[in-house]
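Each remark here refers to the structure printed beneath this line.
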Amino acid sequence: MTISIIIPTYNEAANIGRLVQELRHYGSAEAPEILVVDANSADGTAEVARQAGATVLPAPKPGRAAQMNHGAAHATGDILYFVHADVQIHPDFAATIRQAVADGYPAGCYRFRFDSEHPLLRFNSYGTRFKGIMSRGGDQTLFVTRELFGQLGGFREQFVVMEDFDIIQRIRRVARFLIVPQDVVVSARKYEHNSWLRVQLANLTAFSLYFLKVSPVRIARTYKAMINHR
């Protein structure tokens, strides 16, 4: 089973080269297919990604859901692996994902830990070992077979935020979903630019609006107003 790695980017020049190099190094004996879908970054993200060995696709429109769908449409792998640019992947990701699919899990994600020893962030990380939907997120990376992704119709592009929770919910209705008992490392930059409480309140608000079936546009507008995105 071949794996295509899809990375949506916007102004991620500081991270994308390191990530692509890690993916190529740990991917397998053969260089994995790495597709970076860039939303017209102004910091040279696309060129850094190309120099590191990725295939760069210009995003037809901005937004992670649209970018990831565009990458999936151009991918050739049997398994699609969606990764955020600021994540440090697990060295065994390729073998682990293939084994999970072979064991009957057509989709899944990793647990995570932050690149910070802050006690409240360690508390957040601990929660990702549990199955609840509120313990999930795109930063944990997501693998899904091409077949299942196609059956689901991909990510719903009306979700500017919460697109990862939406697709995981839809996956769980029709297939087994594995939480890999290994960690990826997630950037704490959102918490560094905001307080822990501010981020938690923004996340809780977005979840509440999502479960109340508020329009995705309003969810995104509310969330972005609560968070400093420097």
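Whether any residue in region 204-214 is more than 30 Å from Glu117 (Cα to Cα) and crowded, with 17+ Cβ neighbours inside 10 Å is what I want to check.
At the first step, the residues of region 204-214 found to be more than 30 Å from Glu117 (Cα to Cα) are 209-214.
Within this subset, residues satisfying the condition of being crowded, with 17+ Cβ neighbours inside 10 Å are 209-210.
Yes; the residues of region 204-214 include at least one that is more than 30 Å from Glu117 (Cα to Cα) and crowded, with 17+ Cβ neighbours inside 10 Å.
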* Structure fact -> Exactly one of Ala72, Ala46 is of a type in the set (Gly, Ala, Ser) and within 20 Å of Met162 (Cα to Cα), and that one is Ala72
* Asked: (1) in contact (Cβ under 8 Å) with a residue 40 or more places away in the chain; (2) of a type outside the set (Val, Ile, Thr); (3) in contact with a His (Cβ under 9 Å, 6 or more places away or on another chain); (4) within 25 Å of Pro62 (Cα to Cα): which one isn't true of Pro216, the others all being true?
  -> (3)
* Gly53 versus (1) open to solvent by 30 Å² or more (accessible area, probe 1.4 Å); (2) closer than 25 Å to Val160 by Cβ: which is the lone unmet condition? -> (2)
* To do: Considering (1) farther than 22 Å from Val160 by Cα; (2) of a type in the set (Gly, Ala, Ser); (3) open to solvent by less than 40 Å² (accessible area, probe 1.4 Å); (4) without any contact (Cβ under 8 Å) to a residue 40 or more places away in the chain, say which one Ala14 fails and leave the rest.
  => (3)
* Residue among Thr76, Thr9, Thr2 that alone is at pLDDT below 95, within 24 Å of Gly150 (Cα to Cα) and β-branched (Val, Ile, Thr) -> Thr2
* Structure fact -> Checked against (1) under 17 Å from Gly77 (Cβ atoms); (2) modelled with pLDDT under 95, Val36 satisfies every condition except (2)
* Asked: When both residues are 6+ apart or on different chains and their Cβ atoms are under 7 Å apart, which pairs have a first residue that lies in region 109-138 and is closer than 13 Å to Asp183 by Cβ, and a second that is modelled with pLDDT under 75 and open to solvent by 90 Å² or more (accessible area, probe 1.4 Å)?
  -> Arg111/Arg129
* Checking Thr76 against (1) of a type in the set (S, T, N, Q); (2) in a helix (DSSP H, G or I); (3) over 18 Å from Leu142 (Cβ atoms), which single condition isn't satisfied? -> (2)
* Is one or more of the residues making up region 25-42 farther than 25 Å from Phe165 by Cβ, surrounded by fewer than 18 Cβ atoms within 10 Å (Cβ to Cβ) and of a type in the set (Ser, Thr, Tyr)? -> yes
* Scan region 39-60 residue by residue and report those that are among the small types (Gly, Ala, Ser), farther than 22 Å from Asp78 by Cβ and either modelled with pLDDT under 95 or in a loop (DSSP other than H, G, I, E, B) (or both). => Ala39, Ser41, Ala42, Gly44, Ala59
* Does Gln67 satisfy the criteria of being surrounded by fewer than 20 Cβ atoms within 10 Å (Cβ to Cβ) and either modelled with pLDDT under 95 or assigned to a helix (DSSP H, G or I) (or both)? -> no
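Looking at region 180-195, is at least one residue open to solvent by 30 Å² or more (accessible area, probe 1.4 Å), modelled with pLDDT of 85 or more and aliphatic (A, V, I, L, M)?
To start, the set of residues in region 180-195 that are open to solvent by 30 Å² or more (accessible area, probe 1.4 Å) comprises 181-183, 189-193, 195.
After this cut, where a residue has to be modelled with pLDDT of 85 or more as well, the list is 181-183.
Then drop every residue that is not aliphatic (A, V, I, L, M), which leaves none.
The answer is no; no qualifying residue exists.
The values are calculated or read from the model by the stated rules, or taken from the named source; none is laboratory data. Since the structure is predicted, the reported quantities are computational estimates derived from the model, not experimental observations. Quick reminder, even Gly has a Cβ in these numbers, built from the backbone with ideal geometry, and neighbours come from all protein chains shown. Ligands, DNA and RNA are stripped out before the accessible areas are found, and what is left, the full protein with its side chains, is counted by its heavy atoms. Shrake-Rupley method; radii C 1.70, N 1.55, O 1.52, S 1.80 Å.
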